[in-house]
1. Could you state the accessible area per residue of region D:92-215 in Å², with a 1.4 Å probe and every protein chain left in place?
2. Calculate, in whole percent, how much of the Cα-Cα pair population of chain D lies beyond 34 Å.
3. Rounded to whole Hz and in sequence order, give me ³J(HN,Hα) for region D:107-113 from the Karplus expression 6.51 cos²θ - 1.76 cosθ + 1.60, θ = phi - 60°, writing x for Gly and Pro.
4. How large a share of the accessible area of the protein assembly as shown, in percent, is made up of carbon and sulfur atoms when the probe is 1.4 Å and the other protein chains stay in place?
5. Under 1.5 on a/c is rounded, so check that first for region B:1-121, then, if it is not, pick prolate when a/b is larger than b/c and oblate when it is not; a ≥ b ≥ c are the square roots of the alpha carbon gyration tensor eigenvalues.
6. Which distance in Å, rounded to a whole number, links the C-alpha centroids of region A:175-216 and region B:68-129?
7. Name the most mobile residue of A:Arg68, A:Arg232, A:Arg19, meaning the one with the largest mean-square fluctuation, in a Gaussian network model of chain A with Cα contacts below 10 Å.
8. If amide H atoms are built 1.01 Å from N in the plane of the peptide, which residues on other chains or at least 5 residues away come under 5 Å of the amide H of A:Ala120?
There are 4 protein chains.
Amino acid sequence: MELQPIQHLKDTQNEPDYRQIPIDRVGVKNLRYPIQIRDKARAIQSTVAQFTLTVDLPHHYKGTHMSRFVEALNEHGPMIHIDNVREILDRLREKLHSEKAHIEFEFPFFLEKKAPVTGAVGMMDYTVQFAATANGSGEFDFVATVIVPVTTLCPCSKAISAYGAHNQRGQVTYSVRFHQPIWIEDLIQLVESCASSELYSLLKRPDEKAVTERAYLNPVFVEDLVRNIAARSDLEPNIKWYRVEAENFESIHNHNAYAVVEKERR
Amino acid sequence: MELQPIQHLKDTQNEPDYRQIPIDRVGVKNLRYPIQIRDKARAIQSTVAQFTLTVDLPHHYKGTHMSRFVEALNEHGPMIHIDNVREILDRLREKLHSEKAHIEFEFPFFLEKKAPVTGAVGMMDYTVQFAATANGSGEFDFVATVIVPVTTLCPCSKAISAYGAHNQRGQVTYSVRFHQPIWIEDLIQLVESCASSELYSLLKRPDEKAVTERAYLNPVFVEDLVRNIAARSDLEPNIKWYRVEAENFESIHNHNAYAVVEKERR
Amino acid sequence: MELQPIQHLKDTQNEPDYRQIPIDRVGVKNLRYPIQIRDKARAIQSTVAQFTLTVDLPHHYKGTHMSRFVEALNEHGPMIHIDNVREILDRLREKLHSEKAHIEFEFPFFLEKKAPVTGAVGMMDYTVQFAATANGSGEFDFVATVIVPVTTLCPCSKAISAYGAHNQRGQVTYSVRFHQPIWIEDLIQLVESCASSELYSLLKRPDEKAVTERAYLNPVFVEDLVRNIAARSDLEPNIKWYRVEAENFESIHNHNAYAVVEKERR
Amino acid sequence: MELQPIQHLKDTQNEPDYRQIPIDRVGVKNLRYPIQIRDKARAIQSTVAQFTLTVDLPHHYKGTHMSRFVEALNEHGPMIHIDNVREILDRLREKLHSEKAHIEFEFPFFLEKKAPVTGAVGMMDYTVQFAATANGSGEFDFVATVIVPVTTLCPCSKAISAYGAHNQRGQVTYSVRFHQPIWIEDLIQLVESCASSELYSLLKRPDEKAVTERAYLNPVFVEDLVRNIAARSDLEPNIKWYRVEAENFESIHNHNAYAVVEKERR
């Protein structure tokens, strides 16, 4: 099989388009890539992210050049911070000759956590999402999201029952826009402090007793959970916007309880 | 175990709340429920939906009453149309004493489709989503979404290769707001007419030949696919807003090509 | 585009193969199809199934004919019982000229269930899987599986804590082989009777109190849950083999507790 | 809240059980944990795994001690090789006083791959699974699985069509038992050499031309794909058992083509 010289291969994407329809976002989705994240405690954490990279496409171009999105990620290298995401976006805008670029990625994030009584150390896993947009006018938007599993114990069930109270694993999806760079760890801790209890990967019996009793003493509805987190967020001057979503995998139902609060702060 | 009389059980949800935080949406999520959908051809189609039902909660109430969401669905019965979704929302607002109610549900939807040459009949499956909101001022918002799998054949690959062209299954997520009720079938057909080829569940050899050649003669980038659908939507006076998202499960990559166009029409 | 007459199209699948490698199973996977299931209470239940249909392929054939799997399903019609699955398998073997045929399908299944105190009626959803194999010697193997969500309350947490006990949604995957046809409902009920509590879609406050207290009085480890179900299965002469798998979505961890017991009975 | 001294907390798990039912496997499931894998090219690769760790439980014990599974993983540290999985299993058996221990884990695995013409370098992602069992008699079973995405081009579609041929992303799940430790890279390469084409994360236009034409020249049915891999495996004396499963995400259907071959070699 004889290959044509590279300069003769038709560049279909660069052809003009006559439909007069600009495309809001075009690019690559579900690209898995190993990354390193700076964390508060241990400096560098290796993990694996799932990326979506897109740009806008003006109406007069037939197509974008998909391989350049992958090149931009390769050129950047594995080290990703909240403060260098913008470089990737600027590189994307440059390579794709576009006005706007967007990046979204999600990755598992780990924290060493001590059990509350014995101090036994385990690795607790979370999911983190970053979404950012930059344009040619220097505008830059960044949303950080932490997905935090927690315990929720039902206040109604506790109030009406002679003993016990139904409780379950819940999941909080907490997104923020901020003024100054913010630590993932601090967002996670904020969420965990608002639930019936935080979760642990390693609990010995004295820890299990403490966690069980703590949850029983701190019942929260899914409504309380999102309100507690909203109230805590309102106290943080660094947070300029937040969205709190909570979902309880009810232990007494096969469907989930769900609540969401969103707030733009002045 | 002796049960207390029902009237004495504490109603924790009805207690006042002092955090001054109204909740945007609260309710139940991932509730599976059998439904019936009116379709164009066969009058009634039985399927299974996954529901999210929510209302707003004013700041002064501690919690909503989760069981009433399930009751509202039960009372309504299985028959769901585009034109009676509003009744469910009004019933939710009434039962929950709330200003706004939202419903979202997703279900598999089937169409009998004839193979292009032999006419062999197969059942083709799609996914449909409805999302609607109603409030006390009589405002009503309805978004219908069809998720349609299609064939896409790459124009660049065809143009530069001596023979063949990479193609793959793609997926279009097409959402519309409309003036008059609209048939799911028509939305699906609009999408399918814009791809390299539509898909079939049953193809005999003459059909496979026809479909292969049709795709080769109609190459589309993911950009072309969303533009074709946008251009077709622009011709429909009944569509007042649309969002077209296309994702190609590239046969030459392990990531996907992706594009989106959204338009509010006057 | 001129189509060749159907009789001239090359039948690649029918060509001989020289690699001397018979294929254990070949066919179609993830085919969604609407079906009807006979249930104990309401005669007919409409639902949607996901099918895998396969046959063995002798070493001397290059390929199977994929469209015939879809045809066999179409010919059969939507009504599927435990006792007519065999017809589909025999039809598959005949149409594909094969010695062995296999079918696997999974579908949501619903039961009307009364809340334990108020008697309020809700639709509870389950997942059911059927897997069957038939060969030319008249051998027929059928495995029915029910996936049942339940409440589990931790005996250790209850024993060591001053108040409360962690509990959570658990999921039991219970598979059986049997002598006489068996009702899905009976398999579900057997599983539900072995947990801390069964789940409901609709619970009013007196019901929630009853369910909370019932779970507190019936703590089970994941080990107890599979043993209870195994012990109950051992009492059913109609069950000739069972496999019980339980997974607890622990409310105090972000990982799950898991146990499995399998038994061939003489 | 006053905590009881640790030595007084009841050990419910250690209580005797009278149901006479031994449990085949009990432990923890879906535990996410960061690991490091030795790879052929770069010595160490950091990734994130999802673990299931289980042991058998004799009939006379009420429960296992779930926290010890997490401790065993913690004690071991992040570095996991094919040749030290056994240490983890032996540690599990020791800590849990059990006869048999099992480990299963899955993780994304990356390879730098050069595009076929331009040599442009991209990171290609795969999924790897390890499953191992050890018992007190020194028996040790290890199964390595690679999940490899590939291009498949349909021989029938090519043979009957005037131009083009439908092709799509396929996925091969290839499991082996072996005599001597085996490199993940070699298993991946074996699979990729048997498809119409391997996949790349980064392809420039000359590469896309080459890959398109290569696929057109190497059509494979899902049946050919599993047979090619089986035939290649038969040539490897180090492989003592294999199972090859292939699934094509057909570009002309919304269901998948599927085949599987399994072989125990003497």
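The values are calculated or read from the model by the stated rules, or taken from the named source; none is laboratory data. Values in this document were obtained by computation on a predicted structure and should not be read as measured data. All Cβ positions, glycine included, derive from the backbone under ideal geometry; neighbour counts span all protein chains shown. Remember, those area values only see protein heavy atoms, side chains included, never the ligands or the DNA or RNA. Shrake-Rupley method; radii C 1.70, N 1.55, O 1.52, S 1.80 Å.
1. Values: 3770 Å² over 124 residues.
Result: 30 Å² per residue.
2. Details: 11621 of 35245 pairs.
I get 33 percent for the Cα pairs in chain D exceeding 34 Å.
3. Each residue of region D:107-113 in turn: 8, x, 9, 10, 10, 6, 10 Hz.
4. Ligands and nucleic acids excluded, carbon and sulfur reach 47 percent.
5. prolate
6. Cα centroid of region A:175-216 versus Cα centroid of region B:68-129: 38 Å apart.
7. A:Arg19
8. Distant-sequence amide H within range of A:Ala120: A:Ala115.
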